[in-house]
Amino acid sequence: MAQAGDGGAAEEEEGGDAPANCQLRGAPRDMRGACMFVLVAAVLAVAVEGRAVDDSAGRRLAWVQKCDASLATPGAQTSYRYKLNAASPTNVCFKISVDGACADATANCCLGAEDPAPKLRQLIVTPPAGSTCAQKGANKKVKWTVGGKPKTANVGDGSIKVPLSKLPPTGGDVCVDFSGSTDAACNDINGLCGTDGCNLLVFTKRVKKQPNPPGEDKSCCVKLGELLV
């Protein structure tokens, strides 16, 4: 499977359509203010609608998409998988991979050998209802590592978001270590995931399938499964 390159700066740059005569550089001060208002309004419209915007040269300027359980694609329909590598109550490691077989080769997140894997964005861990571990205070001394390097997780709204941007697009290892936690409600995997398991989602940047029909280059939001130990 090919790996996605860094790409041009315009690919991930946020912006929107502006009038043809709306040039900030060299424009009068009052014109600059009007142009900036138009650009900000365009970006907000993208965020609300969750769609891509092209500039006058046809470059992709922005893609805003959410990833949660209600929007996620089941892992079996994609190339994304996860597998436990090692597990103890206080230390759990698993591997995210992008080599699974899927029935519909045309699906956006089913990647063939010629399709570059999109860059990974986040792992979203959602504990079952009632878990107190997905709170900033309780999770403060829980350590996450991605590809062997420590990462700071964003805890809030009932989920834990772990940045994956430093992993290769084709995946790698993620570990969570509870051994330093002094909170009795969050000192092992059972405190986090209970007996029902945590819902694991992986969120990527935009897919660039070959060929890629217009409007089909969405990010992948995939339900990897339940984290049970």
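The values are calculated or read from the model by the stated rules, or taken from the named source; none is laboratory data. It should be emphasised that the depicted structure is a prediction, and the values quoted were computed from it without experimental measurement. Glycine gets a Cβ as well: all are built from the backbone with ideal geometry, and neighbour counts include every protein chain shown.
Run down Lys83, Lys119 and say which single residue is surrounded by 15 or more Cβ atoms within 10 Å (Cβ to Cβ) and farther than 15 Å from Leu201 by Cβ.
So the residue among Lys83, Lys119 that is surrounded by 15 or more Cβ atoms within 10 Å (Cβ to Cβ) and farther than 15 Å from Leu201 by Cβ is Lys119.
Go through the residues of the range 87-101 one by one and say whether even a single one is among the aromatic types (Phe, Trp, Tyr) and either part of a loop (DSSP other than H, G, I, E, B) or closer than 22 Å to Thr152 by Cα (or both).
As a first pass, look at the range 87-101 and keep what is among the aromatic types (Phe, Trp, Tyr): 94.
With the extra rule that they be either part of a loop (DSSP other than H, G, I, E, B) or closer than 22 Å to Thr152 by Cα (or both), the set shrinks to 94.
Within the range 87-101 (the criterion being among the aromatic types (Phe, Trp, Tyr) and either part of a loop (DSSP other than H, G, I, E, B) or closer than 22 Å to Thr152 by Cα (or both)), the answer is yes, since at least one residue qualifies.
Could you check the range 146-204 and list, in sequence order, the residues that are of a type in the set (S, T, N, Q) and surrounded by fewer than 17 Cβ atoms within 10 Å (Cβ to Cβ)?
Passing the criteria: Thr152, Asn154, Ser165, Ser179, Thr182, Asn190, Thr195.
Results for (1) in a strand (DSSP E or B); (2) of a type in the set (S, T, N, Q); (3) not assigned by TED's automatic domain parsing to the domain that holds Arg81, shown as yes or no for each residue.
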residue	(1), (2), (3)
Ile124	yes, no, no
Ala129	no, no, no
Gln135	no, yes, no
Lys141	no, no, no
Pro150	yes, no, no
Val162	yes, no, no
Lys166	no, no, no
Val174	yes, no, no
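Working only within the range 68-86, note down all residues that are outside any strand (DSSP E or B) and farther than 16 Å from Val174 by Cβ. Show your work before the answer.
Initially, the range 68-86 is screened for residues outside any strand (DSSP E or B), giving 68-72, 75-80.
Hits for the range 68-86 are Asp68, Ala69, Ser70, Leu71, Ala72, Ala76, Gln77, Thr78, Ser79.
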